[in-house]
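Contents: one structure, followed by commentary.
The values are calculated or read from the model by the stated rules, or taken from the named source; none is laboratory data. Quick caveat, the model's predicted, so the values are computed rather than measured. Here the Cβ positions follow ideal geometry from the backbone for every residue, glycine too, while neighbour counts run over all protein chains shown. To get the accessible areas, we keep the full protein, side chains included, count just its heavy atoms, and leave off ligands, DNA and RNA. Shrake-Rupley method; radii C 1.70, N 1.55, O 1.52, S 1.80 Å.
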Amino acid sequence: MDVFREGLFEGRTALITGGGTGIGRGIAEALAAYGARCALMSRRAEHVEPAAADIAGKSGRACLPLVADVRQPEQVEAAVAKVVGTLGRLDIVINAAAGNFLCPASDLTYNGFGAVIDIDTKGTWNVSKAAYDAWLREHGGQFLNISATLHYGGTPAQLHVSAAKAAVDALTRNLAVEWGPQGIRVNAIAPGPIADTEGARRLFPGPIAERLQQVTPTRRLGRVEDIVNLSLFLLSDAASNIHGAIVVSDGGLCLTGSFGALFEALKS
Ligand code: COA
């Protein structure tokens with residue numbers, strides 16, 4: 001779907017955590033196609049290096065691969081400094097890095113819970129703070145956080161991610177209130193199940209994906225392009241009064257209350 005104008009993000013620079021794969025990669029590709037220069041951050045060089053080369057080749061825009069762990073503030077600060085030093089500015093920050101696995105609370109270890117809180121919640125804060133200190137505090141800009149709908153109810157085997165994403169929603173709302181007056185727009189997207197991502201492979205093995213599709217009001221799973229198009233809209237000036245919002249894109253699945261029941265079925 002091509003409803004956005006050519007050069008929409010010309011002159012802007014975006015940092016995308018988890019930008020080498022899945023939703024993060026999709027957003028990075030689209031921002032570059034519409035004129036932005038991008039930096040992709042991941043723990044794994046094998047995720048960001050080929051992705052950055054591919055995006056730069058297709059878009060003709062600079063795309064910087066950054067190997068850094070969102071859990072490590074020093075690595076994050078160094079990566080953000082590299083973006084500003086190399087690309088000259090930092091207008092848009094997409095917090096898309098995330099960790100997940102299916103595990104009932106009864107089997108979840110202290111470290112298992114902590115690993116996901118560290119990546120999703122503390123990672124979002126680490127990157128937001130570093131980017132704010134290095135650029136956005138002085139110049140304004142935008143944050144877009146990738147959340148989830150798991151915590152709208154109680155989703156079996158997803159305690160760790162539900163807690164982590166609930167906190168991401170809180171970060172989104174609080175930072176919108178505190179940093180909005182400084183010309184910084186902060187929003188989040190809460191995707192439902194998205195096909196063809198690492199998350200889907202980990203969380204919705206074959207038969208579950210099929211059943212999710214059957215109980216979703218739109219009768220389809222989400223696609224990366226759904227989240228990409230919503231991101232482009234939220235990052236564009238057309239959404240300049242949307243602030244502190246957590247926008248759901250899940251085909252109405254969370255309204256049905258079926259998500260939890262499906263995960264419960266998966267356990268048995
Ligand atoms: N079930 C239960 N516990 C699990 C688990 C699983 N499938 N996978 C990891 N854990 C636990 C580990 O046992 C460990 O706890 P312990 O020390 O008490 O045993 C803890 O989580 C940390 O695991 P570790 O492998 O050391 O962490 P990591 O930092 O290398 O990996 C994860 C982080 C666990 C989140 C990993 O799944 C990951 O890297 N994910 C990134 C990609 C991803 O999840 N994408 C989908 C996003 S929706």
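Over all Cα pairs of region 176-220, how is the pair count split among 10 Å bins, expressed in % and running from 0 up to the last occupied bin?
Pairs per bin, as whole percents: 23, 34, 14, 22, 6.
Report the convex hull volume per residue for the chain, counting only C-alpha atoms, in Å³.
Given the Cα convex hull of the chain, per-residue volume reads 120 Å³.
Percent of accessible area on region 144-268 owned by carbon and sulfur, 1.4 Å probe?
Carbon-and-sulfur percentage of accessible area, whole number: 54.
For the chain, with every protein chain kept in place, what is the accessible area per residue (1.4 Å probe, Å²)?
Dividing the accessible area of the chain by its residue count gives 44 Å².
Taking all protein chains as present, what is the carbon and sulfur share of the accessible area of region 1-93, in % to the nearest whole number, probe 1.4 Å?
Using a 1.4 Å probe with all protein chains present, region 1-93 comes out at 48 percent carbon and sulfur.
Quickly estimate the mean residue ellipticity at 222 nm for the chain, helices only: each DSSP H run with n ≥ 4 gives -39500 (n - 2.57), and the total goes over all residues, rounded to 500.
So the helix-based figure for the chain works out to -13500 deg cm²/dmol.
Kindly write out, for region 67-75 in residue order, the coupling ³J(HN,Hα) from the Karplus curve 6.51 cos²θ - 1.76 cosθ + 1.60 (θ = phi - 60°), rounded to whole Hz, with x marking Gly and Pro.
9, 7, 9, 4, 7, 10, x, 5, 5
Between 0 and 90 degrees, rounded to the nearest ten: what's the tilt of helix 159-179 against the longest Cα principal axis of the chain?
Result, in degrees: 40.
Which whole-number percent is the relative contact order of the chain (Cα, under 8 Å, 6+ apart)?
This gives 18 percent for the chain.
For a quick check: with amide H placed at 1.01 Å from N, whose amide H comes under 5 Å from VAL248's, ignoring anything fewer than 5 positions away on the same chain?
Distant-sequence amide H within range of VAL248: ALA190.
For region 42-147, which GluC sites (Glu not before Pro) are both in a DSSP coil and crowded by at most 16 other Cβ atoms within 10 Å?
none
If you put +1 on each Lys and Arg Cβ and -1 on each Asp and Glu Cβ, how big is the dipole of the chain around its Cα centre, in Debye rounded to 20?
Around 100 debye, computed over the chain.
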